[in-house]
Amino acid sequence: MILLNPGPVNVSDRVRQALLQPDICHRESEFSELLGAIRQKLLQAFVPGEEDEYTAIILTGSGTAAVEAALLSSMPIGKRAMVITNGVYGDRLSSMIKIHRLGVPDMKYDWGVAPDLKMVELAIKQHPEVGTVAMVHHETTLGFMNPAKEIAEIVDRHNRVFMVDSVSGLGGEALDIGGSKMYLVAGSAQKCIQGFPGAAFVLVRKGFMERVMKYPKRSWYLNLANYYEEQERGTIPFTPAVQVYYAFREALDELLEEGVENRIKRFKGYAATIRTRMQEMEIRAVLPPESQGNTLTAFYLPEGLSYVQLHDGLKQAGYVIYAGQGQLENKIFRVANIGALTKKDIDGFLSAFESTLEKTRG
Ligand SMILES: Cc1ncc(COP(=O)(O)O)c(C=O)c1O
């Protein structure tokens, strides 16, 4: 089955084979080596040249675990968080902070609408109690690229902490973490990194990590300070998904061999092929080209074709697409182009799409 959902993705045979390593105890030196290698490779991939300025903290869990740990761990006593949101995942950031009643009103925009930089700056100035500003990098709801670099500059200028959810971005969308002084960036193994679900991570600026160690624990399990302390000693506070970590290390090797820039280029090429052919078939993209990333495209459903019909027709042919969310659930479909896919897979999908469309259009 070819997966065109935004993760979990198809992985290579090499990554799948990496699951089949000998059983090990996570309190032994073999696991320390594995953990250390993953941490180092993450820094090499995502903060090249600034490896000494950052630390990578690994968690067992899906991307949400990393996002929630990063956000909650970033807040000292007496400070609040401000969320900039224009999609489902931004709204999740907001929900996380609302549970703890530590938010200020969200900077909320419609889906696919970029945050107004001047308004964000004004809001930050008006809220001296805001310590953390949080935003999604690639908003998977529609495949919208948020202006992470621009927001990072504003947040840094006002001496606040920028927390970025790049669960669907890292490895597929460029992000200058070191250059933009982003303090915390959350990611996960099962999307553009082409690993399996079950491993997630947070990249944290080292100087900031020293501060986080003194902050109150707002979650017992998802507390970055706890993970950091143990991982610096080569161990981990809770039972990790050992086999998934083996595959994660292999996926990172694959990423580093391909090169992050080349991977981004590969995905960008697939997205361009999909968008061009869809346009030829008169399937409209939801976002204008300048707002789109490299890894996912949201399209309006063609007239007379329901999502279920389209999905089921394509699944029969061996391709899995993804539904819209919320108010667009029955109006759009999404096609991701990440994972260990080849040009042949993309072309095969487009032919299957064309056939499905022809059948319904008669
Ligand atoms: C931007 C973004 N953040 C967070 C998540 C949540 O990740 P997970 O489902 O792995 O918890 C996703 C998943 O699609 C995502 O796209």
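Here are the numbers for the structure shown:
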{"quantity": "Residue in segment 153-160 that is farther than 23 Å from A189 by Cβ and either within 16 Å of the ligand (Cβ to nearest atom) or of a type in the set (G, A, S) (or both) present", "calculated": "no"}
{"quantity": "Residue count for segment 171-217, restricted to those that are under 17 Å from V11 (Cβ atoms), touching a strand residue (DSSP E or B) at 6+ places or on another chain (Cβ under 9 Å) and among the polar types (S, T, N, Q)", "calculated": "2"}
{"quantity": "Candidates I274, I283, I264, filtered to the one that is assigned to a loop (DSSP other than H, G, I, E, B) and either at pLDDT 95 or above or among the β-branched types (V, I, T) (or both)", "calculated": "I283"}
{"quantity": "Among the candidates A37, A66, residue that is closer than 21 Å to G198 by Cα, within 14 Å of the ligand (Cβ to nearest atom) and at pLDDT 95 or above", "calculated": "A66"}
{"quantity": "Residue that is farthest from the ligand (Cβ to nearest atom), among those in segment 69-103 that are charged (D, E, K, R) and under 17 Å from V167 (Cα atoms)", "calculated": "D91"}
{"quantity": "Contacts under 7 angstrom Cβ, first residue in segment 120-137 being touching a residue at least 24 places away in the same chain (Cβ under 8 Å) and part of a loop (DSSP other than H, G, I, E, B), partner away from the ligand (no atom under 16 Å from the Cβ) and of a type in the set (D, E, K, R), 6 or more apart", "calculated": "E129/K79; E129/R80"}
{"quantity": "Top-ranked residue in segment 324-351 [being over 20 Å from F267 (Cα atoms) and among the aliphatic types (A, V, I, L, M); ranked as modelled with the highest pLDDT]", "calculated": "I332"}
{"quantity": "Selection count where residues are basic (K, R) and part of a loop (DSSP other than H, G, I, E, B), scope segment 6-32", "calculated": "1"}
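The values are calculated or read from the model by the stated rules, or taken from the named source; none is laboratory data. Remember, predicted model here, so these are calculated numbers, not experimental data. No Cβ is skipped: glycine too gets one built from the backbone with ideal geometry, and neighbour counts run over all protein chains shown.
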